[in-house]
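Working notes, structure below.
Just so it is clear, none of the values below were taken in a lab; they were calculated from the coordinates. Predicted, not measured: the structure shown is a model, and the values here were computed from it. When we count neighbours, we look across all protein chains shown, and the Cβ atoms used for this are built from the backbone with ideal geometry, even at glycine.
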Amino acid sequence: MIKSNLESVFYDICLKGEISNFRPSSNGHWYFSLKDNASSIKAIIFKNNQNDILRLLKASNHEIENGKEVLVEGRISVYEKSGEYSIIINKILPVGIGELTLKFQLLKEKLFNEGLFDDNKKKTLPKYPETIGVVTSPTGAALQDILNVLKRRFAAIKIIVFPCSVQGDEAKNEIVKAIRCADFHYINNSDKKVDVLIVGRGGGSIEDLWAFNEEIVARAIFDSPIPIITGIGHEIDFTISDFCSDLRAPTPSAAAEIVVKNKEDLLSSISSYKLRIEANFNAYMEKIFYRFNNSNPERLNLLLKKIYEEKNLNYSFINDKFISNYKNHYENLRKRFAKITEKLNDLSPLSILSRGYSLALDKDQKIIKSTKDISIGDDILLTLKEGKLRTVVKEIYPNVSGTSVF
């Protein structure tokens, strides 16, 4: 009954006190006392909650140690065997560290480990943007500061405002919606496409600026294809969005100054470049005219003659080489033709006839290869080395190998 009554009433409580007699047990749980000047209570951290608690403490650069003053959250539990009650802890916060500060540190650590803060993933802001987008409250002082700076530095610059609230529960969703709207126009190359995007608001407390510490806002800034510069709060204020943006400015006005070059400075730079180009061009032309006016006609003629002789010599060399190559090529072709002709003559039947053989043809001008191809009384045409004979088969004789001769 004691256990049931205590645990049903003290199920979600916060206590502030000093850690004392901290000791890990062999079963993995942690035991210690939480005390102040007037009282003390036993405390337990079960091992399945230890990783979460250590992660929270690590984010704020603290550890569990004796003498540390902490704020704990947990529930009261009674151990019936010994009749003792204690607080079962599920969260520990060092005294002086607020909840929002801790959430900030945890999200910062998470996104850093995912690479959202890496310098090599940041886009370069354009030097001379034609259109600038601004994501901020349409009624806030930050927008007026940005517009005043932009108009003062370069009045002809085109500005597109993507309005959203920058404070309150819905601010994070509206900021993300405004950034994605700018992304849509950028990707589709519409008339509302901007070259760079300023995301900002004026100063305030950590609670006022908290929308820019939300994870969905940070990821929207990181995922945007548009170069983004943040100008949130005052110079001492840092938000998660600042770490994810391509460049952080200390204030909204400073962001506007970074994005747009001063018109007078730009004109001064252009004038300076113009003077340098003209000076270099004039110096080059003066050098050419000096060389031309001081050149010796005889020396020029000698130089031209030398160039002509060199070119003529090159031509003669190339011409002689061409003729030599042509003759060699022709002689090689003639020799190859003679060899082919010789091979054809060797393979010609006329060459065989010159050695005393004859060629026998029947009345249809077909070559007679065997006595089986003729009969007694057939006319045969014999072709000799010199001339032809027509004869008639009178007898056919078998040879020693079984074939017949006539």
Scattering curve values for the chain, log₁₀ I(q)/I(0), Debye with Cα scatterers, q = 0.07, 0.09, 0.11, 0.13 Å⁻¹: -0.65, -0.85, -0.98, -1.09
Quick one: helix 263-293 against the long Cα principal axis of the chain, what's the angle to the nearest 10°, folded into 0 to 90? 30 degrees
Spelling it out for residue 160: with amide H atoms placed in the peptide plane at 1.01 Å from N, the residues 5 or more places away or on another chain with amide H under 5 Å from its amide H are 132, 133, 134
Aspartates and glutamates within cross-link reach of residue 274: Cα-Cα under 16 Å, excluding same-chain residues under 8 positions apart? 264, 265
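By count of other Cβ within 10 Å, fewest leading, how are 259, 392 ordered?
Going from least to most buried by this count: 392, 259.
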Label-point separation (nm) for residue 334 and residue 272, each offset 7 Å from Cα along Cα-to-Cβ? 7.8 nm
List the residues whose amide H sits under 5 Å from the amide H of residue 200, counting only those 5 or more places along or on another chain, with H placed 1.01 Å from N in the peptide plane. 135, 231
Within the chain, what percent of beta bridges assigned by DSSP are antiparallel, to the nearest 5? 65 percent
Nearest-0.05 FRET efficiency for residue 52 and residue 236 at R0 = 30 Å, using Cβ-Cβ distance, is 0.45
What are the extents of the Cα atoms of the range 112-261 along their three principal axes, in Å, largest first? 38, 30, 25
GNM of the chain, Cα pairs under 10 angstrom: of 106, 93, 350, the biggest fluctuation goes to 350
For residue 383 and residue 35 in one chain, what is 0.36 nm times their gap in residues minus the Cα-Cα distance, to one decimal in nm? 111.5 nm
Given springs between every Cα pair under 10 Å in a Gaussian network model of the chain, which of 24, 227, 94 has the largest fluctuation? 24
For the range 2-97, what is the percent of antiparallel DSSP beta bridges, rounded to the nearest 5? 90 percent
Want the number for residue 69 to residue 306: 0.36 nm per residue separation, take away the alpha-carbon distance, what's left? 75.5 nm
Counting pairwise Cα distances across the range 1-51, what percent come out greater than 18 angstrom? 46 percent
Per the 1/(1 + (r/R0)^6) rule, R0 = 22 Å and r from the Cβ atoms of residue 121 and residue 219, FRET efficiency to 0.05 is 0.95
Distance in nm between pseudo-label sites at residue 366 and residue 395 (7 Å out along the Cβ direction from Cα): 2.8 nm
So which trypsin sites (Lys or Arg not before Pro) in the range 62-114 are both in a DSSP loop and have at most 15 other Cβ atoms within 10 Å of their Cβ? 81
Strictly over 18 Å apart at the Cα level, which of 16/91; 3/81; 127/172 would you flag in this model? 127/172
Under the Karplus relation with 6.51, -1.76 and 1.60 and θ = phi - 60°, whole-Hz ³J(HN,Hα) for the range 172-177, x at Gly and Pro, equal 4, 5, 5, 5, 4, 4
Gain on full stretching of the segment that runs from residue 79 to residue 61 - 0.36 nm per residue minus C-alpha separation: 3.1 nm
Filter the chymotrypsin sites (Phe, Trp or Tyr not before Pro) in the range 170-219 to those in DSSP coil with at most 14 other Cβ atoms within 10 Å of their Cβ, and list the result. none
Residue by residue, what Karplus-based ³J(HN,Hα) values in Hz, rounded to whole numbers, does the range 86-91 have, using 6.51, -1.76 and 1.60 with θ = phi - 60° and x for Gly and Pro? 8, 9, 8, 8, 10, 8
Cα-based helix-to-principal-axis angle, 297-347 vs the chain, degrees rounded to 10: 60 degrees
Build a GNM of the chain with springs between Cα atoms under 10 Å: which of 164, 14, 181 gets the top mean-square fluctuation? 14
